[in-house]
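Inspection log for the structure reproduced underneath, given as structure tokens.
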Amino acid sequence: MDLNYLCAHQLHKLLKDKQVKSVEILDSIARRIHDVDQKLNCYITKTLDLAQEQAEQCDKKIARGEDIGYLAGIPVGIKDNMCTKGINTTCSSRMLRNFQPVYDATVISRLKSEDYVLTGKLNLDEFAMGSSSENCFFGSAVKNPWDTDRVAGGSSGGSAATVAAGDAICSLGSDTGGSVRLPASFCGVVGMKPTYGRVSRYGLIAFASSLDQIGPITRDVRDAAIMLNALCGYDKKDSTSIAEPVPEYTQYLTQGLKGLKVGVIDELSLEGIESDEKSGLDRSVALLKEMGAEVETVSLPSLKYALSVYYILSASEASANLARFDGVRYGWRDKKAESLREMYRKSRSQGFGEEVKRRIMMGTYCLSAGHYGAYYEKARKVRTLIIQDFNDAFLKFDVLVSPTSPSTAFKVGERTKDPWRMYMTDKCASPANLAGLPAISIPVGLSGEGLPIGFQIMADILREDLVLKAAYNLEQALQFKHRPKL
């Protein structure tokens, strides 16, 4: 039995029935990491000694007859932009290469309370800025386990690739413009972005504060629901946290979609979408109809501006957030500078990579006195129109669907010299962030080249129940059982 390829809920049952031990699960994961991670570059920091201690503690609890949670003894990888006390948190940047936080992010505290097992910190685009996980300071790009000549998606590429490859059972990523869902789509796993504010951002190193949201990457929808149960909830340390009760999400994983109203978004499903993605969309929509859903197309006119709005707002917020990294209190510092101004300039130019510097400059330009009204302020107004379009659509539809990405995983290096083509990768995923909506990507088949195809489901704010129910039913109908041959 390949323990490293089972889902968390399957392993939970085996642990409770004392058919396996947590240390055996971890051993399976550790062997897999040893075999394939040099090819994939998923991990920046491995914490297998700590994981061994955590697994042993879980096994002792079970031996004493204590009850355990669904994530107890389950090996989980964490995207390396979430603070872990005493463990390097680098954002895959030279700027933070030796940074060890003195506190845990709230999501880490919550996973610890579940007795999870931490396998390590996972690779990403630097400061989560990218769609391919090629902007990495540590080693080469993260590779896709389905084809190591291709990207894993970004920015949570390590988080998706490690779950797909069997290097962890589940992982955490962060999603600012699709950074959980895009790599999940490229790697053939499930990626869920909750409603903005549903999961605390405390301890998440900020990229764009009005867009960032932490979410799980898993092998199936049930594991995504289990992870959400552990992560969601009000946190007084996060001023954007939503103070609403958290339901038991697994209760919505029931069969039947009769009467569910589904809208297929024209603006995200027609222009610029490659043929394999269109085929995956059509096949998925046909299955939804067979299961009793009522499906229509719907137009959200403002979405044609969404990608431009996303990049103006996210770059502007990044410019403000990353101003704190100046080589004074922490982060990379040029020690040869002869003046404070020179130290600022050299530390930031040497500490940040090219893509991060590009976005800082773009955001600073949009926020500058001469351009604020033309760019940042106008983008905020169009964002309001996008939210209104979604609100209008949800008066008629329960969920909205589209491809997760305009294409399957592309070749490493194929788009690095063409930033706009790279940015177009976020076309389908970024609108959910602008509107703060819950959204999920699930694998719905393979392309002609044998690459995973992702399908996206969105619902109104705090309606994760509808997203999960629709995704679960489609997953059960499709029975996507493929996995990489790496």
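The values are calculated or read from the model by the stated rules, or taken from the named source; none is laboratory data. Keep in mind the model is a prediction, meaning the values are calculated, not measured. Don't worry about glycine lacking a Cβ; one is built from the backbone with ideal geometry, like all the others, and counts go over all protein chains shown.
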Note to self: Need the failing condition index for THR119 against (1) assigned to a loop (DSSP other than H, G, I, E, B); (2) within 20 Å of the chain's Cα centre (by Cα), just the number.
What the structure shows: (1)
Next item on the list: Considering only segment 200-247, state which residues are over 14 Å from ALA471 (Cβ atoms) and within 13 Å of the chain's Cα centre (by Cα).
Entry: LEU204, LEU211, ASP212, GLN213, ILE214
Next item on the list: Give the number of residues within segment 396-419 that are farther than 30 Å from LEU260 by Cα and not β-branched (Val, Ile, Thr).
Entry: 9
Notebook entry, point to check: Does segment 223-256 hold any residues that are under 19 Å from VAL444 (Cβ atoms) and in a helix (DSSP H, G or I), and which are they?
Noted result: ASP223, ALA224, ALA225
Check: Of all residues in segment 407-425, how many are within 29 Å of SER210 (Cβ to Cβ) and either touching a Pro at 6+ places or on another chain (Cβ under 9 Å) or small (Gly, Ala, Ser) (or both)?
Finding: 4
Margin query: Exactly one condition in (1) outside any helix (DSSP H, G or I); (2) out of contact with any Phe, Trp or Tyr (no Cβ under 8 Å at 6 or more places or on another chain) is false for GLY77; which is it?
Written below: (2)
Next item on the list: Would you point out which residue out of ASP418, ASP426 is modelled with pLDDT under 95, among the acidic types (Asp, Glu) and at negative phi?
Entry: ASP418
Note to self: Conditions first: (1) in the same structural domain as GLY86 (by TED's automatic domain parsing); (2) on the phi > 0 side of the Ramachandran plot. GLY272 passes all but one, so which condition is the exception?
What the structure shows: (1)
Check: Would you pick out the residues in segment 135-164 that are over 13 Å from the mean Cα position of the chain (by Cα) and of a type in the set (A, V, I, L, M)?
Finding: ALA141, VAL142, VAL151, ALA164
Check: Within segment 433-486, restricting attention to residues that are of a type in the set (Ser, Thr, Tyr) and touching a Phe, Trp or Tyr at 6+ places or on another chain (Cβ under 8 Å), which residue is farthest from LEU40 (Cα to Cα)?
Finding: TYR472
Checklist line | Flag for ASP104 being in contact with a Lys or Arg (Cβ under 8 Å, 6 or more places away or on another chain) and buried (at least 24 other Cβ atoms within 10 Å of the Cβ) | finding: no
Notebook entry, point to check: Which one is surrounded by the most Cβ atoms within 10 Å (Cβ to Cβ) among residues in segment 414-446 that are within 19 Å of LEU268 (Cα to Cα) and hydroxyl-bearing (Ser, Thr, Tyr)?
Noted result: SER441
Notebook entry, point to check: LEU40 fails exactly one of the following numbered conditions: (1) surrounded by fewer than 21 Cβ atoms within 10 Å (Cβ to Cβ); (2) at negative phi. What is the number of that condition?
Noted result: (1)
Notebook entry, point to check: Hey, does segment 232-249 have a residue that's touching a Lys or Arg at 6+ places or on another chain (Cβ under 9 Å), among the aromatic types (Phe, Trp, Tyr) and surrounded by fewer than 23 Cβ atoms within 10 Å (Cβ to Cβ)?
Noted result: no
Note to self: Consider segment 376-413. How many of its residues are surrounded by 16 or more Cβ atoms within 10 Å (Cβ to Cβ) and either under 30 Å from LYS39 (Cβ atoms) or under 21 Å from the mean Cα position of the chain (by Cα) (or both)?
What the structure shows: 13
Check: Would you say ASP460 is under 28 Å from LYS381 (Cβ atoms), under 16 Å from the mean Cα position of the chain (by Cα), modelled with pLDDT of 95 or more and not polar (S, T, N, Q)?
Finding: no
Next item on the list: For LYS39, state whether it is in contact (Cβ under 8 Å) with a residue 24 or more places away in the chain and either part of a helix (DSSP H, G or I) or among the β-branched types (Val, Ile, Thr) (or both).
Entry: yes
Note to self: If VAL20 meets every condition in (1) more than 30 Å from TYR103 (Cα to Cα); (2) under 23 Å from the mean Cα position of the chain (by Cα) apart from one, which number is that one?
What the structure shows: (2)
Note to self: With the requirement that a residue be assigned to a helix (DSSP H, G or I) and surrounded by fewer than 24 Cβ atoms within 10 Å (Cβ to Cβ), what does segment 85-95 give you?
What the structure shows: ARG94
Next item on the list: Please state which one of THR240, THR254, THR250 is touching a Gly at 6+ places or on another chain (Cβ under 8 Å), of a type in the set (S, T, N, Q) and in the same structural domain as ALA105 (by TED's automatic domain parsing).
Entry: THR240
